[in-house]
Amino acid sequence: EGAGLASARLELRRAIKGLLGCEPVDLSAEAEAGVGDEGAAGPAIVVGLADAVRDIWVKSASGAAGMHAGAGAGAGATEMSDIGTFGDEDYAIRSGNDGSVYLLGGGEKGVLYAAFGFIRLLQTGGDIRGLQTVERPAYPLRMIDHWDNADGSVERGYAGGSLFFNDGRLGERMDRIRDYARLTASIGINAVAVNNVNVHAEETRLLAPERLADVARVADVLREYGIALYLSVNFAAPIELGGLVTADPLDTAVAAWWRDTTDEVCRRIPGFGGYVVKADSEHRPGPFTYGRDHADGANMLADALAPHGGTVIWRCFVYDCKQDWRDRRTDRACAAHDHFMPLDGAFHDNVVLQIKHGPMDFQVREPVSPLLLGLRRTQIALELQVTQEYTGQQRHLCYLLPMWKEVLDFDGGDGRTVADAAGGLKREAGLEARGGGADERREWRGGLAAVANVGTDLNWTGHLLAQANWYGFGRLAWNPSASAEAIGREWIRMALGLDPTVEETVIRMLMDSHAIYESYTAPLGVGWMVNPNHHYGPNVDGYEYSPWGTYHYADRYGIGVDRSVATGTGYAGQYPAFAAAMYETPQTCPDELLLFFHHVSYDMRLKSGKTVIQHIYDTRFEGAERAAGLLTSWDSIADRLPARVYVEVRERLACQAEHAQEWRDQLNSYFYRKSGIPDARGRTIY
Ligand code: GCW
């Protein structure tokens, strides 16, 4: 029996005991010996590979229990043929006519996901009779990226320290790592990068033979739960670790170093996932140093991994972070598309380009990155940020699924959505096909990746309600057409119980929270306006005269960045025709992105009928009020919640309500002072 099956059994036993209070009897020994499969022992939970339990299932569904008439009986044969085509991660949950439940996986991972699926059903109060579920993940890559450092800190982490690293050592808290693996597999994640994409000296050494034992111990536990471990690597490792004089990807000694190093990594770590690379970005080394392009760099690493089945996840977050703020022609938003579109089709089969959802950097409102839709002959993964760097740092409630859904559903006007693109679907117009790259037949490796929001805090995410983002990311990576609300309700039931008043209250809080957060922070898609470095709290000009390419250009007349083709930076022209035309003019650009695409005067009228300045005032006042309303909602269910949960979350919501006022007052005062235009409703502005 493999590790996946053992984990599935263990999880079921634990869950049944925890949820139903009874210890299930394990009949697997009898089943193997050929007794006990006649239904004599009564209804059972039958767990296994679809092929292995086929006979038991067919018997149960078609007569052994003396029930020919039920719907299950007739359906049995065809459904089993369905199961015959199951991939490793696919699963079915079926009720047999004798009251048994069958958890059938195409492979070991499928069995594990079936077990977690069944547990989810029990936890959410689902009916376990008449089950006919078949599940297949939408994407082969469902990945979590940790920005964890060897010293135990987490870059942009808001939930304590690193789960993996402690004072330079990896894998000292194996119990917690095991729980992490369970948590992660239970939401369908199958890939985890354990260290930060900013790879410092200490993490560069993770590839050294003497450090691989630690990495392997962690990988072993993750593998029991169907998760492949990835390492973020330093492109200059051949120099820093290997003692070579260059890291030029076309240098044969460099390629040989990576090949040898990778051989050893893969020998020590069976099923090693591969490398994540941040190159030529924010002071990280990369191929540009040697006059090479990013295909040269990625392909060299991909060749080292190919014999072992590994993947290179190459990030497209490449831009000039030493821009002159006086230069209004250079536009950071254009950078990823400018760098990577010319390379479409040049990457090897086991390279996946990881692309942030927006062209800038995980702001609360950005348009969708045009690169996601532009690349047609390259494997891609959409990168989301579960950790709330720019969305309240897990002190503010901000349920991110409504935003992620907008990204996944965006199609630029030609019907091919980002969700399709991340799955390699419909590569060419009119052609319904799956496959990536120059070769139609190659297997798709892309999908969804996200930066983790978990850490050593006891509740994993600091703000308890931020668990919904973690949970929701996994669920969307499994099925991007699930709704934000349905996923939110699932999480509430699993985390806070089945009280309908709690569910109704909390789902409203979750569903409203992103809009609330947006309405007191940066307006109309303009972005930033945060304190430099730590990125928490309002600072309208915090990044205005910085080298980071993040400007709003507010003056006494107006605000916003002209990114039109006609008079601006040309960024709008990177979209498919329909979207390009829509973003090109202030008249056709959606209100919520107006200042991202255009520089307009404060008295311009929005589609909502309000002027820009009045919109800014109104939404800041409403936003702060609605943030306070979140606290009131939470208080209304105080006596329906465990005291500790109530208090813990209340503290964060109170802080949010207070800080929302700070946002409101700083932004309103700033724009009143710039524009000299008073609030039409005469409210207090400082
Ligand atoms: O959003 C920025 C963050 C950095 C991060 C970088 C990236 C890991 O402020 O902390 O570095 O993005 O995505 O590489």
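Odds and ends about this structure:
- Considering the range 535-639, the qualifying helices (runs of 4 or more DSSP H), each wholly inside and each with 3 or more residues that are surrounded by fewer than 20 Cβ atoms within 10 Å (Cβ to Cβ), run over 577-584, 612-636.
- Those strands (runs of 3 or more DSSP E) of the range 103-216 in which 3 or more residues are farther than 30 Å from Gly286 by Cα and away from the ligand (no atom under 16 Å from the Cβ) occupy 132-135.
- Taking each residue of the range 634-645 that is touching a residue at least 60 places away in the same chain (Cβ under 8 Å) and looking for partners that are among the β-branched types (Val, Ile, Thr) and surrounded by 15 or more Cβ atoms within 10 Å (Cβ to Cβ) with beta-carbon atoms closer than 7 Å, six or more apart or interchain, yields Trp634/Val649; Ser636/Thr505; Ile637/Val502; Ile637/Thr505; Arg640/Val502; Leu641/Val502.
- Scanning the range 471-521 for residues that are out of contact with any helix residue (DSSP H, G or I) (no Cβ under 8 Å at 6 or more places or on another chain) and not in a helix (DSSP H, G or I) yields Asn479, Gly497, Leu498.
- Just one of the listed residues (His339, His348) is within 16 Å of the ligand (Cβ to nearest atom) and either touching a residue at least 40 places away in the same chain (Cβ under 8 Å) or open to solvent by less than 20 Å² (accessible area, probe 1.4 Å) (or both), and it is His339.
- The residues in the range 153-208 that are more than 14 Å from Val221 (Cβ to Cβ), modelled with pLDDT under 95 and in contact with a helix residue (DSSP H, G or I) (Cβ under 8 Å, 6 or more places away or on another chain) can be counted, and the count is 2.
- Considering only residues in the range 250-276 that are within 24 Å of Asp220 (Cβ to Cβ) and acidic (Asp, Glu), the one that is surrounded by the fewest Cβ atoms within 10 Å (Cβ to Cβ) turns out to be Asp260.
- The set of residues in the range 653-686 that are in contact (Cβ under 8 Å) with a residue 24 or more places away in the chain, open to solvent by 70 Å² or more (accessible area, probe 1.4 Å) and either among the small types (Gly, Ala, Ser) or over 17 Å from Thr619 (Cβ atoms) (or both) contains only Ala680.
- Residue count for the range 122-152 under the criterion of being modelled with pLDDT of 95 or more, open to solvent by less than 50 Å² (accessible area, probe 1.4 Å) and touching a Ser or Thr at 6+ places or on another chain (Cβ under 9 Å): the result is 10.
- Among (1) under 30 Å from Glu443 (Cβ atoms); (2) open to solvent by less than 10 Å² (accessible area, probe 1.4 Å); (3) part of a helix (DSSP H, G or I); (4) in contact with a Pro (Cβ under 8 Å, 6 or more places away or on another chain) - the single one Gly358 does not satisfy: (3)
- Count of the range 188-211 residues, restricted to those that are among the aliphatic types (A, V, I, L, M), out of contact with any Leu (no Cβ under 8 Å at 6 or more places or on another chain) and open to solvent by less than 10 Å² (accessible area, probe 1.4 Å), is 3.
- Any chance Leu382 is open to solvent by less than 20 Å² (accessible area, probe 1.4 Å) and either without any contact (Cβ under 8 Å) to a residue 60 or more places away in the chain or more than 16 Å from the ligand (Cβ to nearest atom) (or both): no
- Residue check for Ala69: within 16 Å of the ligand (Cβ to nearest atom) and either in contact with a helix residue (DSSP H, G or I) (Cβ under 7 Å, 6 or more places away or on another chain) or at pLDDT below 90 (or both): no
- Subset of the range 298-321 [open to solvent by less than 40 Å² (accessible area, probe 1.4 Å) and either in contact with an Asp or Glu (Cβ under 7 Å, 6 or more places away or on another chain) or within 16 Å of the ligand (Cβ to nearest atom) (or both)]: Ile313, Trp314, Arg315, Cys316, Phe317, Val318, Tyr319, Cys321
- Residue in the range 461-470 that is within 15 Å of Val192 (Cα to Cα), within 15 Å of the chain's Cα centre (by Cα), part of a helix (DSSP H, G or I) and at pLDDT 95 or above present: yes
- Hey, Leu375 open to solvent by less than 10 Å² (accessible area, probe 1.4 Å), closer than 17 Å to Leu353 by Cβ and within 16 Å of the ligand (Cβ to nearest atom) or not: no
- Test: residue in the range 255-270 that is in a loop (DSSP other than H, G, I, E, B), more than 14 Å from Leu353 (Cβ to Cβ) and of a type outside the set (S, T, N, Q): yes
A quick yes/no check of all residues on (1) in a loop (DSSP other than H, G, I, E, B); (2) more than 28 Å from Leu524 (Cβ to Cβ); (3) in contact with a Pro (Cβ under 8 Å, 6 or more places away or on another chain):
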{"position": "Phe272", "(1), (2), (3)": "yes, yes, no"}
{"position": "Leu305", "(1), (2), (3)": "no, yes, no"}
{"position": "Val312", "(1), (2), (3)": "no, yes, no"}
{"position": "Asp320", "(1), (2), (3)": "yes, no, no"}
{"position": "Thr330", "(1), (2), (3)": "yes, no, no"}
{"position": "Pro367", "(1), (2), (3)": "yes, no, yes"}
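The values are calculated or read from the model by the stated rules, or taken from the named source; none is laboratory data. Source: prediction; values computed, not measured. Neighbour counts are summed over all protein chains in view; Cβ atoms, including those assigned to glycine, are modelled from backbone coordinates with ideal geometry. Side chains are part of the model used for accessible areas, which takes the heavy atoms of the whole protein and leaves out ligands, DNA and RNA. Shrake-Rupley method; radii C 1.70, N 1.55, O 1.52, S 1.80 Å.
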